[in-house]
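Bear in mind that the values in this text are calculations on the coordinates, not laboratory data. What you are looking at is a predicted structure, and each value in this text was computed from that prediction instead of being measured. We place every Cβ from the backbone using ideal geometry, glycine too, and count neighbours over all the protein chains shown.
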């Protein structure tokens, strides 16, 4: 699933090389022992040979981190690396301007941009904060017309931007929009109709406004190159007949994720046309209302069985559990199963999961209870990633899952690398057990939904549990903490979390010491997001040595003051320090509601809305 | 954002962040120093704040913790952060008030929250989560009954229940599934010519159908009322049933 492309798959981004770029004269590589190597004219030929060789070699270098390192060797390497970089990743769209990016990297084929900070997903920031795709598409349209792929996360994209994309880049092939907004079905229609080479159109968890345009019909006639079409987040009905015709003429189609307006009967018809699918999102997985009574039900089982390549299954947006047996034939092949919109019980899950021996990624709702998790633990020995979401996402709701299911998973799924677990109760013992049973953990996100909730058996803070995680899981790079936590927990994190790059904190800690421990102790820290914790200006100052190494710091509802933030802004000129007020907050109090700061080569951005003050 | 406004108001009015009466115990419950309340069932309060407590102590304290958590709000953040000493306050352990929901907590994306809310709404609308009560009339019976179709998982169970309600409604020629065997034309004709009772139902469109045709769940969703009629009277429904029989044969 594309959702798997989380931040934790990234390699570390070294600081922008422009900042560290020193005089090149001392480091210019000259191959021959020519005497007067200071004039380029004389050493042109050897340099040229070197550059050609370098260019060929650097083409093979794919890792961003390696490329960033290579670009720092000398001016020559910097230049060649810039010419050969085909995939450009920018983790914060405001860290560098489109002009600077296009000036340096002229032959980019793929652009990967990230915009808003993650906490914006939880309504902690007013809308229209920024992260507009527009300046980027315009700059690239002029400078890099051979751009083929665009991947955006948390950015605002308008219909016009989509039109520009389709019109300016003739060979455009892939568009992936994750958690984006600002566009609608009419923008999609224009984009699709003009993009003759389109292979991938993935809309994931994005907000698409319903302009009542039949965008599916806009795919050009004739055989299509489409390999992936994901639109499960589009909340409006689609022209099914057009979709059916599209699928029929897309022999390369491997990934298809339907929205909830596609009934199971329609799904059947599509699957019959596309048995070569590897990734399928089933849509509603229930019959449409106009089911003919007495009409024979199609043979879903055989149809699913015919899809021998199916490895990734999702959807089930309005599931009628009676139809679940249809997927039995493919369970044994599945490596990824997303039931996170299917409100099913343990009993309904068991016949499915007991056949999923190869499952590596499993997303599910807590409706399956501890019992369901035990069933998962019993069969899914290859499980790498587990996400358990709450049906009822409120603090004081009943918790169908607890430390019991959690511990069972740790005992059964020893290869676990990534876990996201929402629950109402947890114990240190269970967390400690997981730290021992699953040493390969890279991502550990535990959300005990009640704020400040302690170990529900011993009543103690959850310090020891999280401490064990950082101590025993030596590969850990991403951590999200919750429950009742004292400064001690953060002491552990600072002491043992040496590889931690992303840390999320909410309603935790007692004092500034907690934040100090982390800022002073975690050298790899890139992304730090904190809310509602008692950390003040003194703590903020303790990170001055590190902020240029970080992508961003978010602190909301903490104890920061304007003076404190101002101090940071003065001390660090390459840091953009944004103070964000909630939209309806009129007056300016001394306390800072939200601080969002990030390194940037460009200084304060010029598109900041009224509620943002840049210090 | 309500949170922000609340905090801002607090700050505007008071500089001394000494909200003792709302200060709540963050430390280990054994650390209730001064304000040992009468309401608490805990008899002895250990003077050590960070010491571990024995299990017996925790049992008593459970209720206390609940109530503390439930009344904890963001005021907690305004506590004097210098002091690590947490004094507990007496809270009525009996009835924790409902928590105000905090913005963006728990951290579930609004996209997902909306979907779950929509699922809940639509299932409530179509009565999936509630009961599916339908009137049941039987020819010749003096009064009607009501059954909740959600109580049953299959036609068999429904048959049994109806049989209990109306003692003259027997299984008769229904076959092993307790359903009318549509596949067998002669059996069907026998049934409809007999004086045995046959269940029929009125569906969403207002048509009267013989029970047993569609999958159970679909039946539950579309059935508006049930009528148990004599086989001979059900002959009016039979042409449809006969057509279906023929089309399947």
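Using only alpha carbon pairs under 8 Å that are at least six residues apart, calculate the relative contact order of the range A:198-269 and give it in whole percent. Contact order relative to length: 36 percent. Relative intensity of the range A:232-318 on a log10 scale, I(q)/I(0) at q = 0.10, 0.12, 0.14, 0.26 Å⁻¹, equals -0.22, -0.32, -0.45, -1.52, per a Debye sum over C-alpha point scatterers of equal strength in the absence of solvent. Ranked by the mean number of other Cβ atoms within 10 Å of their residues, highest first, the peptides A:126-136, A:336-346 come out as A:336-346, A:126-136. Once you order the gyration tensor axes a ≥ b ≥ c over the Cα atoms, which shape class does the range A:408-470 get: rounded for a/c under 1.5, otherwise prolate or oblate by comparing a/b with b/c? Here the range A:408-470 falls in the prolate category. With 5 Å bins beginning at zero, the pair-distance distribution over Cα atoms of the range A:291-392 amounts to 2, 13, 23, 26, 18, 9, 5, 2, 1 %. Each of the peptides A:365-376, A:88-99, A:110-121 was scored by the mean count of other Cβ atoms within 10 Å over its residues; in descending order, highest first, they stand as A:365-376, A:110-121, A:88-99. Across chain A, C-alpha contacts under 8 Å between residues 6 or more apart give a mean separation that, scaled by the residue count, equals a relative contact order of 7 percent. For the range A:466-516, the direction-averaged projected area of the alpha-carbon convex hull comes to 3.1 nm².
Per-residue ellipticity at 222 nm, computed for chain A from helices alone with -39500 (n - 2.57) per DSSP H run of at least four residues, works out to -8500 deg cm²/dmol. Based on C-alpha pairs under 8 angstrom that are at least 6 apart in sequence, the range A:480-581 has a relative contact order of 24 percent. Give the shape of chain A as rounded, prolate or oblate, defined through the alpha-carbon gyration tensor: a ≥ b ≥ c are the square roots of its eigenvalues, a/c under 1.5 means rounded, and otherwise the shape is prolate if a/b is larger than b/c and oblate if not. The shape class here is oblate.
Counting Cβ atoms of other protein chains within 10 Å of each residue's Cβ and taking the mean over peptide A:444-453 gives 4.
Judged by the ratio a/c of the largest to the smallest principal axis of the C-alpha gyration tensor, the range A:439-590 counts as oblate, that ratio being 1.5 or greater while a/b is no larger than b/c.
A protection proxy built from the mean count of other Cβ atoms within 10 Å ranks the segments A:349-360, A:218-229, most packed first, as A:349-360, A:218-229.
Averaged over the residues of peptide A:572-582, the number of Cβ atoms from other protein chains lying within 10 Å of each residue's Cβ is 1.
Counting only other chain Cβ atoms within 10 Å of each residue's Cβ, the peptide A:259-268 averages 0.
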